[in-house]
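Please read the structure below before turning to the comments.
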Amino acid sequence: QVQLVESGGDLVQPGRSLWLSCAASGNIGSIDDMSWYRQAPGKQREFVALITPGRSQYYAPFVKGRFTIRRDDGRNIVSLQMERLEPQDTAVYFCKVQIGDSVVWGQGTQVTVSS
């Protein structure tokens, strides 16, 4: 069984940066796509970014060049570097990994952007 643990969420002021990390553990095997989603209060969970095993990256339009997704396959970690944060980025951020036919979600980490 694979488990994901996110970390790095915090309360920050607008314009600041945060680095989220998600570590996979357990019977991992080979991880396919790794991605980040977020869910703001009262809203549906939405896609943020994805990185393939070949390092191709895809981002939601609202990212506007502010976020960078990376993966470290040696340590089974996916990270999300977030810059120029805005109040509308406030949400619980979840990582998701695809392993064969299985999809695994983390428990989420809270990001709050407020002055």
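Of note:
- Theoretical gain in end-to-end length, Gln3 to Arg45 [0.36 nm per residue, Cα-Cα removed]: 13.1 nm
- Region 1-110, accessible surface, carbon-and-sulfur percent (1.4 angstrom probe): 47 percent
- Nitroxide proxy distance, nm - points 7 Å out along Cα→Cβ at Ser56 and Gln88: 2.8 nm
- In this rough spin-label picture, where each label sits 7 Å from Cα along the Cβ direction, the Ser30-Asp72 distance is 2.3 nm.
- Taking every protein chain into account, the accessible area of the chain amounts to 53 square angstrom per residue (probe 1.4 Å).
- Put a plus charge on the Cβ of each Lys and Arg, a minus charge on the Cβ of each Asp and Glu, and nothing anywhere else: the dipole of region 36-115 about its Cα centre is then about 100 debye.
- When you filter the trypsin sites (Lys or Arg not before Pro) in region 1-110 for DSSP loop state and at most 12 other Cβ atoms inside 10 Å of their Cβ, you are left with Lys43, Arg55, Lys64, Arg75.
The values are calculated or read from the model by the stated rules, or taken from the named source; none is laboratory data. Keep in mind that this is a model prediction, so the values were computed, not measured. Note that each Cβ is placed from the backbone with ideal geometry, even for glycine, and that neighbours are counted across all protein chains shown. To get the accessible areas, we keep the full protein, side chains included, count just its heavy atoms, and leave off ligands, DNA and RNA. Shrake-Rupley method; radii C 1.70, N 1.55, O 1.52, S 1.80 Å.
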